[in-house]
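Novice: There's a structure below that I have some questions on.
The values are calculated or read from the model by the stated rules, or taken from the named source; none is laboratory data. None of the values given here were measured: they were computed from a predicted structure. Cβ atoms come from the backbone with ideal geometry, glycine included; neighbour counts cover every protein chain shown.
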Amino acid sequence: MKQVIIYIVLFCLATAGFSQEKKGKIAGIVTDKNSEETLAGVNIQIKGTYMGAATDADGAFIITEVSAGTYDIEASMIGYKIQLITAVEVEPGKTKVVNFEIEESVLAYGQEIEVIGEKPLMEVDQTSSEAVFSASEIEKAIVENLDDIVAQQAGVVKKDGEIHIRGGRADESMYIIDGVSVKDPLSGYGSTVYVNADAIKELKVVTGGFNAEYGQAMSGIIDVVTKEGDDQFSGSFSIKTDNLGLGLLDQYNTQILEFNFGGPELVNRFLLEPLGVKIPGEMTFFVSGYGNISDTYLKQASKLYPSRSGLDLFAPRQENDWHVLGKLTWKPTPGRKISLSYDRSLSINQGYFRRYLISQNYYPYNFSENLDHYPTFTNEAILGNLTWFQTLNQTTFFEITLSDFFNSTHSAVQNKHWTEYQEKLDLYPIYYIPQEGGNAIIRRGDGFYDYGDYDEWYDYFSDRWSIHGDITSQIGQNHNVKAGLEVAMTEMQVIDIIDPWVQSESGFGRNYDIYNVTSYSGFFYAQDQIKYEGMIVNIGMRYDYWFPGKFVEDAINDPETIIISDEARRVFKDETFKVFGMRGKGHLSPRLGISHPVSDNDVLYFHYGHFSQQPKGQYVYAKLKSTSAATYQLFGNPNLNPTTTVAYELGIKHKFTENLVMDLRAYYKDMFDYPTAENVKLSNPRYGNLSFLMYFNQDYARAKGIELRVKQRYAQYLSGTLNFSYGVSKGKSSSPNDNLLVASGSLSQKSLSENYLSWDTPIRITLDLNFDIDKNQNLSIFSMPLPKDWGASLHWELESGKRYTQLIDIENEIYDETNPYGKLAPYWQQFDLRLYKYYEYFGATFVANLEIENLFDAKIPRIINPYTGREYRPGDILTNSYTRDYNPNPNPIYNPSKYRWPRTIRLGLSVKF
């Protein structure tokens, strides 16, 4: 007891000492930059705290009782640019003088922010989990494209080419490029547009808590702003390769070329102006081109066959990715901007490393001896948009965007018509199995196809036209209100033919699906950012609507559509509303976020929100009018509801110094109404008893986790970011097609309990370090001076192993289906390194690069042996399906794709001018 009293006395003395700590003051004067007159009524705020003041009639202000430390001070007033002075040092018992000279602005309040010093690392008004990257930060990262950057963030996992955010499915993220959604309406995937890293001006990755302006996503937002030209010509060109022709490096025949060029618009400057034609304002342009071609580390086909003969030039290797961007920007007046952009990407490959709707997303090992008869995938994405930005007055501005997003995928063997396909056969080797009586059984095959073509021909396109508008207004000092709406029309066509060589009444093989649909969708929202002393509130409401279109309504109303019962027709009409003769569905999503500075360097924030997205096209339209004679058929459901998520998030941000911040957050998500295939039995007076599979909103999942992000801004040669994620994601199933697998015999039963999802990754850590010595710095090691103008980037990632379902009886090939994906393979880690050196010649900057991905050549499994829990190795005991004398599966021990990419070394040279 005596010790307890002593501890209490010591604690009281310590806190008393802290309470007597001397406080400092911040004082100053605010003047108009041009007239030099003092300004009254200017709002002065210490960012990250609830402390502030307003200037008096003489333009003076004073803030008292400020704890010693480093602060960012903001001065704001309607009609003027916001000015932010960072890294203001306050000492105990002293007054720090901070004077502002603010400039009038023709733009709306909040659009122009002048930062004196470094931009603050901690944003106190954010109630979402987001990471923002500038072009300069992306330049130093060891990345090639948009997905590479996204995959390095806290809460993000990349599994088999798919991006999963906070335990969500791969189709739950929204990709936005220059304000336009590029989400594929059929598959739901958002990364069908290939965007190279050097074309990005700013990237924002939001993994939770996003405001009402964002929708049709339940997990995350990837918001990309591409570069545009300015009033000075500038550009760059770079080339990287792993093949120098010297045999010194591991060679996968990879070449990466990239160029950017922008500046004042040329036609106006050199043609129209000399003729006396003057277009008012400023006009600039920007163009970017990118090509990444490689033969990869896997066996290749002798030739790829794109969907059009004119594309052969763009398919010289096994993997071929191309991207081109052109943007024209016109600013006729300071408060108005009009931009026109054209963004196009092309990918030609055999589908090993990029996820498409129909691709296996892994190396087709059983076709590895016959890859010339495996399909070539041609994916094209074209985005065109016209944006008009207008400032209405000192508090209000709007933005309107008209866009067209076209996306297509074609998959065919040697670009054949489906009627030219030959049946795939495994003919060799030939086995003679002696039997009693001198007879023998002849067996053929070793699991590798020797003759014939892959069993699917596929062609798909979607074309989405949309008009989108937002208006933002600052109402007083406390309310920033934003509202918007969008109207979109989408045409989508699918031709999918399975086993085309099978003679059938339809002429479309054993199984097929063909449809062309036009649907309509849109949304409207309103949100308000409310600022009070000690609290910032983001509150909003969003309504998304969707009309599946005439194709669905015709199927509902047609009595010949035998898979739709009279009861289903009645339910469809009861659960939809009718507008302009069309039936649709909608969903209302409230959002609430609160940010509260709890101390000078700490901010506590919370977010609660509902998120939804319309069902993928394949779940709605599949086979509604394409009934075939196939044994196992899975139909779309025209009455599917949107999938929904209810998410909670709590986080705290802490600023150690102006250059070092931390963000710690926890989240919980309930995900409802996932589509899943269910058995349907109907009694039809014309066709008798029918049994088939159809999608219904009967699945669910949940995810929870903790994330930590620590960021160190460049100081004393070093900068870096640490991301740590711990999460658990469970649900009823990892695939909506489990019952189809049960029907075909690939799965014994569908789990009825909650299990780990196949992409669940409990622990993931990434660390990015950048070391730079510029031309004005001197650094020595053991009195030996180091070279100047060079740097290094190191990326490290550590991740829990892949989940798998354990094989518990290898002889009878029995899996533990009571615990699907209940086991984890061993963790893995990988290091990537980039070295670069700058040279100045002829007014340009040359950069020499050395990039090494998977520095230590780690063997990271892509395929797990479910019996041993690691990759397949020589000597492993295999199940009967691999060793039987008839129709065996190919031996997985020798599958070259069982590991991820080995070490790759590339040398590069770039020039900037």
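Novice: For the range 602-632, which residues satisfy the criterion of being out of contact with any Leu (no Cβ under 7 Å at 6 or more places or on another chain) and at pLDDT below 85?
Specialist: SER626, THR627, SER628, ALA629, ALA630, THR631
Novice: Test of understanding: among TYR189, TYR252, which residue is in a loop (DSSP other than H, G, I, E, B), under 14 Å from the mean Cα position of the chain (by Cα), hydroxyl-bearing (Ser, Thr, Tyr) and buried (at least 17 other Cβ atoms within 10 Å of the Cβ)?
Specialist: TYR189
Novice: At positive phi and part of a strand (DSSP E or B): does that describe ASP663?
Specialist: Taking the combined requirement at face value, the residue does not satisfy it.
Novice: Select, from GLN414, GLN422, the only residue that is surrounded by fewer than 16 Cβ atoms within 10 Å (Cβ to Cβ), modelled with pLDDT of 95 or more and not in a strand (DSSP E or B).
Specialist: Answer to the check: GLN422.
Novice: Something else about it: Out of ALA108, ALA197, which single residue is buried (at least 18 other Cβ atoms within 10 Å of the Cβ) and in contact (Cβ under 8 Å) with a residue 60 or more places away in the chain?
Specialist: Checking each option against the conditions leaves just ALA108.
Novice: Right, here's the next one. Might you let me know whether the range 862-872 holds any residue that is of a type in the set (S, T, N, Q) and surrounded by fewer than 16 Cβ atoms within 10 Å (Cβ to Cβ)?
Specialist: Within the range 862-872, one or more residues are of a type in the set (S, T, N, Q) and surrounded by fewer than 16 Cβ atoms within 10 Å (Cβ to Cβ).
Novice: Among the numbered criteria (1) buried (at least 23 other Cβ atoms within 10 Å of the Cβ); (2) among the β-branched types (Val, Ile, Thr); (3) closer than 30 Å to ILE497 by Cβ, which single criterion is violated by THR645?
Specialist: Going through (1) buried (at least 23 other Cβ atoms within 10 Å of the Cβ); (2) among the β-branched types (Val, Ile, Thr); (3) closer than 30 Å to ILE497 by Cβ one by one, THR645 breaks only (3).
Novice: Moving to a separate point now. Take the range 516-550 and flag every residue that is at pLDDT 95 or above and of a type in the set (Phe, Trp, Tyr).
Specialist: TYR520, PHE523, PHE524, TYR525, TYR543, TYR545, TRP546, PHE547, listed by residue number.
Novice: Where the second residue is of a type in the set (Ser, Thr, Tyr) and part of a strand (DSSP E or B) and the first is within 11 Å of ASP453 (Cβ to Cβ) and lies in the range 364-383, which pairs have Cβ atoms under 9 Å and are six or more apart or on separate chains?
Specialist: Close Cβ pairs satisfying both conditions: ASN370/TYR451; HIS373/TYR451; PRO375/SER411; PRO375/TYR458.
Novice: Looking at (1) surrounded by fewer than 18 Cβ atoms within 10 Å (Cβ to Cβ); (2) aliphatic (A, V, I, L, M); (3) farther than 30 Å from ARG317 by Cα, which is the only condition LEU244 fails?
Specialist: Single failed check for LEU244: (3).
Novice: Filtering the range 778-810 down to residues that are in contact (Cβ under 8 Å) with a residue 12 or more places away in the chain, hydroxyl-bearing (Ser, Thr, Tyr) and in a loop (DSSP other than H, G, I, E, B), which residue is nearest to GLU162 (Cα to Cα)?
Specialist: Filtering the range 778-810 for residues that are in contact (Cβ under 8 Å) with a residue 12 or more places away in the chain, hydroxyl-bearing (Ser, Thr, Tyr) and in a loop (DSSP other than H, G, I, E, B), the one nearest to GLU162 (Cα to Cα) comes out as SER800.
Novice: Related question: Would you be able to tell me the number of residues in the range 401-417 that are under 15 Å from ASP184 (Cα atoms) and out of contact with any Leu (no Cβ under 9 Å at 6 or more places or on another chain)?
Specialist: So the count comes out to 2.
Novice: Condition check: under 27 Å from TYR619 (Cα atoms) and part of a strand (DSSP E or B). Does GLU505 satisfy that?
Specialist: When the stated conditions are applied, GLU505 does not pass them.
Novice: Given the conditions (1) part of a strand (DSSP E or B); (2) under 25 Å from the mean Cα position of the chain (by Cα); (3) β-branched (Val, Ile, Thr), and given that THR284 satisfies all but one, which numbered condition is not satisfied?
Specialist: (2)
Novice: Residues to consider are SER136, SER181, SER129; find the one that is closer than 26 Å to LEU383 by Cα and modelled with pLDDT of 90 or more.
Specialist: SER181
Novice: Here's a follow-up. Over 33 Å from the mean Cα position of the chain (by Cα), in a strand (DSSP E or B) and touching a residue at least 24 places away in the same chain (Cβ under 8 Å) - does that describe any residue in the range 528-536?
Specialist: yes
Novice: Tally up the residues in the range 877-899 that are surrounded by 15 or more Cβ atoms within 10 Å (Cβ to Cβ) and not in a strand (DSSP E or B), please.
Specialist: Adding up the residues that qualify gives 12.
Novice: Being in contact (Cβ under 8 Å) with a residue 60 or more places away in the chain and more than 17 Å from TYR362 (Cα to Cα) is the filter here; which residues of the range 287-307 pass it?
Specialist: If the condition is that a residue be in contact (Cβ under 8 Å) with a residue 60 or more places away in the chain and more than 17 Å from TYR362 (Cα to Cα), then SER288, TYR290, ASN292, SER302, LYS303, LEU304, TYR305, PRO306, SER307 are the ones that fit.
Novice: Would you say TYR451 is without any contact (Cβ under 8 Å) to a residue 60 or more places away in the chain, within 19 Å of LEU371 (Cβ to Cβ), surrounded by fewer than 18 Cβ atoms within 10 Å (Cβ to Cβ) and of a type in the set (Phe, Trp, Tyr)?
Specialist: No, not satisfied.
Novice: Taking interchain pairs and intrachain pairs at least six residues apart, which have beta carbon atoms under 8 angstrom, with the first residue in the range 52-63 and within 14 Å of SER76 (Cβ to Cβ) and in contact (Cβ under 8 Å) with a residue 12 or more places away in the chain and the second surrounded by 16 or more Cβ atoms within 10 Å (Cβ to Cβ) and among the aromatic types (Phe, Trp, Tyr)?
Specialist: Every condition considered, the pairs that remain are ALA54/PHE61; THR55/PHE61.
Novice: Can we say GLU162 is closer than 28 Å to ILE864 by Cα and either at pLDDT 95 or above or charged (D, E, K, R) (or both)?
Specialist: Yes, satisfied.
Yes/no per residue for (1) surrounded by fewer than 21 Cβ atoms within 10 Å (Cβ to Cβ); (2) in a strand (DSSP E or B); (3) under 28 Å from the mean Cα position of the chain (by Cα):
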{"position": "ARG269", "(1), (2), (3)": "yes, no, no"}
{"position": "GLY289", "(1), (2), (3)": "yes, yes, yes"}
{"position": "ARG344", "(1), (2), (3)": "yes, yes, yes"}
{"position": "GLY351", "(1), (2), (3)": "no, no, yes"}
{"position": "THR378", "(1), (2), (3)": "no, yes, yes"}
